[in-house]
Amino acid sequence: MDTEKLGQLKIQMQQFLNEAQQFVQTIPTRDLLAAISLVLLTFLMLLVVRLVKRRKLNTILLTGLSGSGKTVLFYQLRDGSSHKGTVTSMEPNDDTFILHSETSKKRKIKPVHIVDVPGHSRLRPKVDEFLFRAAGIVFVVDAVEFLPNVRAASEYLFDILTKATVVKKKIPVLLLCNKVEKVTAHSKDFIRKQLEKEIEKLRASRTTLSSADINDEYTLGVPGEAFSFSQCLNKVTVAEASGLTGDITQLKQFIREHVKA
Ligand SMILES: Nc1nc2c(ncn2[C@@H]2O[C@H](COP(=O)(O)OP(=O)(O)O)[C@@H](O)[C@H]2O)c(=O)[nH]1
Ligand SMILES: [Mg+2]
């Protein structure tokens, strides 16, 4: 029975192949070659454009609530000092440079474009302007004054993690617990868990919105499971820093992981 069917299929295939062959033979060889080379060329060009685009992304966004320490981190990365208390940031700090700790290196190093986006909610739409070019997002959290701000921080983070650009382009996010030189700073594991819990609550309340409100947003996590950052399509990692003392090794590692020197 089965062998009979197989035989029939074989005959059909043979017929199809013959017809295809005959059809191809009716096309002049020159045209055929031209068509094939056109397809190959297009494919090659798309590949090159993609590669170049990927490599060109050199923007890292510093985001997070006001007071979390973004501006101090920005100056540490650029100048190797905190410029303590000299600036109140309403405009984004936006500059392209070689990290301060890399300035002594002999070989040529690719500069990083770092944007410190003010955490004030009125200025947050600024984030969108830079998202398209972002190779990575750093979400800075004040590890000392964490609990009073956990709700606000989670809301901001939730907005970032559900942005279509972030999800579709799988932009990696670093949750950077800052000010860890203080003994009263919470641990990064505690901070991660609290943020997950808070986002879980937000997810429950926000999915009740009508889908018409959600035009440019993606949903978070796995339905029916408690939220954890590991469910995000983009990579979300947690690290520690102290902008004030210049302890920013993990931040620099994240930057150089996504903007190759
Ligand atoms: N203890 C401590 N304070 C910090 C640290 N980084 C920033 N700060 C302080 O936190 C406040 C807000 O810092 P800033 O960089 O302006 O935060 P931004 O609003 O996120 O840009 C300033 O008073 C800083 O001196 C840190 O690592 N440790
Ligand atoms: Mg600032």
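Derivation of every value follows stated rules applied to the coordinates shown; laboratory data play no part. Everything numeric in this text was worked out from a predicted model, so none of it was measured. Please note: Cβ atoms are built from the backbone with ideal geometry, for glycine as well, and neighbour counts cover all protein chains shown.
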What is the Cα coordinate range of the stretch 135-203 on the first, second and third principal axes, sorted by size from largest, in whole angstrom? 39, 27, 16
Subtract the Cα-Cα distance of residue 12 and residue 108 from 0.36 nm times their separation in residues, and report this length gain in nm to one decimal. 28.4 nm
Rank 169, 108, 56 by mean-square fluctuation in a GNM of the chain with C-alpha springs under 10 angstrom and give only the top-ranked residue. 108
Sort 126-135, 12-21 by packing, meaning the average of other beta carbons within 10 Å per residue, with the highest value first. 126-135, 12-21
Positive minus negative residues near residue 201 (Lys, Arg vs Asp, Glu; Cβ under 11 Å): 0
Could you let me know the centre-to-centre spacing of the stretch 1-67 and the stretch 155-176, using Cα atoms, in angstrom? 33
Quick one: of the DSSP bridges fully inside the chain, what percent are antiparallel, nearest 5? 25
Chain lengthening between residue 94 and residue 35 when straightened (0.36 nm per residue, less Cα-Cα): 16.5 nm
Cα lying deepest toward the dipole's positive end in the chain, options 253, 11, 111, charges on Cβ: 111
Size of the chain as Cα extents on the principal axes (Å, biggest first): 80, 52, 34
Could you calculate the contour length gain from residue 237 to residue 155, that is, 0.36 nm times the residue separation minus the distance between their Cα atoms, to one decimal place in nm? 27.7 nm
26 Å Cα-Cα reach of residue 108 towards lysines, excluding residues that sit fewer than 8 places from it in its own chain: 53, 56, 252, 260
Projected-area average for the stretch 2-51 over all orientations - Cα convex hull basis, square nanometres: 5.6
Taking only the alpha carbons of the stretch 132-261, the radius of gyration and the largest Cα-Cα distance, Dmax, both in angstrom, are 15.1, 47
